[in-house]
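Here the structure comes first, spelled out in structure tokens, and everything after it is commentary.
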Amino acid sequence: MRNGETYVSNTNQMPKEEGIDHSLSLMREGYMYISNRCHSFNSEIFETRLLGMKAICMKGEEAAELFYDTEKFIRKDAAPNRVAQTLFGKNGVQALDGHAHKQRKEMFMSLMSPDGLQILNDITKEQWEKAVDKWEQMDRVILYDEAKEIMCKIACQWAGVPVQEDEVKELAKDLGAMFESAATIGPVHWLGRHARNQVEKWVGDLIIEVRDGKVNPPVNSALHRFAWHRDLEGNLLDTETAAVEVINILRPIVAIAVFINFIGVAVHHYPEEREKLISGDANYARMFVQEVRRFYPFFPFVVALVKKDFTWNGYRFEEGTLTLLDIYGTNHDPMIWEKPDMFCPNRFAKWEGSPFSFIPQGGGDYLMGHRCAGEWVTIEVMKVSLDYLANQIDYDVPDQDLSFGMVNMPSIPHSKVEINNVKRRM
């Protein structure tokens with residue numbers, strides 16, 4: 001046996017959810033779908049049917065380590081078409097495997113150098129300063145909507161994507177629609193698809209202009225690097241794929257607005273934790289950010305297909321089987337986390353977990369695996385944003401509905417966090 005894997009013929013009977021299809025149950029239960037059944041089966045793995053096909057769902061550290069084994073699972077064609085049409089786009093890094101994935105992932109990771117992240121940090125502070133100036137003149141600030149615009153400006157400036165001030169609101173709305181509509185049906189989903197089509201066309205035109213010498217972004221920016229990136233055969237990426245990958249920088253940064261909204265909730269709901277931030281302790285700020293990422297819902301789960309038949313912990317996995325790893329459930333697994341439903345930044349003071357136990361943006365290795373390349377970006381942007389919301393400004397939080405559901409994906413507080421009387425702290 002190695003990492004739970006065995007090659008003997010004896011297998012265990014995997015717990016199975018009976019019924020023709022449970023896609024509607026997944027939509028109704030959202031983040032809790034997998035965890036609810038794991039609890040009912042008293043098992044961290046079970047079989048069900050989703051989208052008309054057999055599916056295996058699992059959660060926990062050991063399951064995550066298995067899921068990110070590239071010898072066992074592939075990503076190509078794993079994501080439902082509706083997700084590709086809104087969230088990921090087609091032929092992006094998320095759908096690649098093997099050497100092609102490694103080479104494309106290196107393109108993304110090249111942006112995450114210390115110098116690149118410092119530039120991002122400086123841009124983030126600059127945009128927050130401008131936002132505070134604006135908010136001081138506003139009677140009512142809706143944090144989620146404002147955060148999407150701030151993040152959009154940060155993303156475009158860092159990626160080298162030229163955008164006019166009067167275009168930001170619409171672009172932020174379109175980039176937001178891509179992740180807000182991925183798990184929806186009907187008109188909202190169609191709006192997300194329309195938004196992606198529009199942004200892909202716009203970025204594709206920028207790629208062409210860069211290659212024609214009409215637009216000259218900084219050489220270390222995503223727009224420049226992705227426009228001139230060559231695949232394993234030495235060919236430039238086709239325009240559509242290059243545009244998808246640029247959007248794979250812009251969209252995830254705008255999605256940080258979800259976490260920023262939850263920072264606002266946490267700072268308000270846990271004033272004793274906010275007091276600890278006033279000292280400016282960078283280590284505690286990091287712990288607070290990590291706990292926000294663990295505690296609040298962001299990605300519900302990730303999907304892959306079984307690459308080849310194998311047996312793990314006595315359970316049989318057959319080639320081509322859709323497999324879901326519960327991100328939210330793993331981040332709240334009592335086998336990993338003490339009192340997982342308690343907000344406690346101090347749990348990260350001496351945290352020495354593996355890359356498979358804390359997986360808000362995926363698990364495993366950055367370069368070789370499918371862990372989100374932008375995780376460092378998320379953490380840096382969140383630390384700056386936390387400093388502004390906890391230390392740099394004073395504001396009132398009027399009575400409102402700050403609750404959030406576990407059905408809509410992504411989950412956003414119902415009021416989107418309203419604040420008013422914003423004043424820069426002297």
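The values are calculated or read from the model by the stated rules, or taken from the named source; none is laboratory data. Just so you know, these numbers come straight off a predicted model, no measurement behind them. FYI the Cβ positions are ideal-geometry reconstructions off the backbone, even for glycines, and counts take in every protein chain you see. The protein model used for the area step is the full one, side chains on, heavy atoms only, and it has no ligands, DNA or RNA in it. Shrake-Rupley method; radii C 1.70, N 1.55, O 1.52, S 1.80 Å.
Which trypsin sites (Lys or Arg not before Pro) from segment 375-426 combine a DSSP loop assignment with at most 14 other Cβ atoms within 10 Å? Please report the intermediate quantities before stating the final value.
Details: sites: Lys383, Lys416, Lys423, Arg424, Arg425; in loops: Lys416, Arg425.
Passing sites in segment 375-426 are Arg425.
You can think of it this way: the chain between Gln198 and Asp115 has 26.7 nm of extra reach, that is 0.36 nm per residue less the Cα-Cα gap. These residues, His224, His39, go from largest to smallest accessible area, 1.4 Å probe, as His39, His224. Estimated from the Cβ-Cβ distance and a Förster radius of 25 angstrom, the FRET efficiency linking Asp139 and Asn408 is about 0.35. Database remark: amide H of Leu50 closer than 5 angstrom to the amide H of His22, Ala55 (H placed geometrically; neighbours at sequence offset of 5 or more, or on other chains; Pro and chain starts carry no H). The string of couplings for segment 25-39 from the Karplus curve (6.51, -1.76, 1.60, θ = phi - 60°) is 5, 4, 5, 6, 9, x, 4, 9, 4, 5, 4, 4, 6, 4, 5 Hz, one whole number per residue in order, with x for Gly and Pro. Taking 16 Å as the cut-off, the amide N atoms of segment 15-43 that come nearer than this to a point 7 Å along the Cα-to-beta-carbon line of Asp341 belong to 31-40.
Counting only the backbone N, which residues of segment 187-205 are under 12 Å from the spot 7 Å out from the Cα of Glu167 toward its beta-carbon? So the set is 199-205.
In the context of the full protein assembly, Glu47 retains an accessible surface of approximately 40 Å², using a probe radius of 1.4 Å and ignoring ligands and nucleic acids. Computed from point charges on the beta carbon alone (+1 for Lys and Arg, -1 for Asp and Glu), the dipole magnitude for the chain about its Cα centre is near 460 Debye. Extension gain for Glu318 to Asp231 (0.36 nm times residue separation, less C-alpha to C-alpha distance): 28.2 nm. Counting only residues at least eight positions apart within a chain, or on another chain, the lysines with an alpha carbon under 22 Å from that of Lys276 are Lys125, Lys339, Lys350, Lys383, Lys423.
On a per residue basis, segment 4-120 carries 50 Å² of accessible surface, using protein heavy atoms and a 1.4 Å probe. Label-to-label distance for Ile278 and Asp238 is 5.9 nm, based on points extended 7 Å past Cα in the beta-carbon direction.
Please report the carbon-and-sulfur percent of the accessible area for the chain; probe 1.4 Å, protein heavy atoms only, DNA, RNA and ligands left out. Let's see the in-between values first.
Details: 9980 of 19230 Å².
On the chain, the fraction of accessible area on carbon and sulfur atoms equals 52 percent.
Note on Val188/Lys308: beta-carbon distance plugged into 1/(1 + (r/R0)^6) with R0 of 35 Å gives a FRET efficiency of 0.40. Once all protein chains are placed together, Phe88 keeps about 60 Å² accessible to a 1.4 angstrom probe.
A crude spin-label estimate for the pair Glu352 and Asn220, with each label 7 Å from Cα along the Cβ direction, gives 3.5 nm.
Computed from phi, the 3J(HN,Hα) profile of segment 124-129 under the Karplus parametrisation 6.51, -1.76, 1.60 (θ = phi - 60°) reads 4, 4, 4, 6, 5, 4 Hz, with x in place of Gly and Pro.
In plain terms, the chain from Glu71 to Gln400 could stretch by 113.5 nm, reckoned as 0.36 nm per residue minus the Cα-Cα distance. Each of Trp351, Trp312 has its accessible area taken with a 1.4 Å probe; listed largest first, they run Trp351, Trp312.
Which GluC sites (Glu not before Pro) from segment 219-267 combine a DSSP loop assignment with at most 15 other Cβ atoms within 10 Å? Don't jump to the answer; show the numbers that get you there.
Working: sites: Glu233, Glu240, Glu245; in loops: Glu233.
Passing sites in segment 219-267 are Glu233.
When His268, His229, His99 are compared by accessible area of protein heavy atoms, the largest-first order is His99, His268, His229, using a 1.4 Å probe. Only protein heavy atoms count here; under a 1.4 Å probe, Lys307 has an accessible surface of about 90 Å². Computed about the Cα centre, the dipole magnitude for segment 1-114 is approximately 460 debye when only Lys and Arg (+1) and Asp and Glu (-1) carry charge, each at its Cβ. Using the Cβ-Cβ distance between Met53 and Glu18 with R0 = 25 Å, the FRET efficiency computed as 1/(1 + (r/R0)^6) comes to roughly 0.95.
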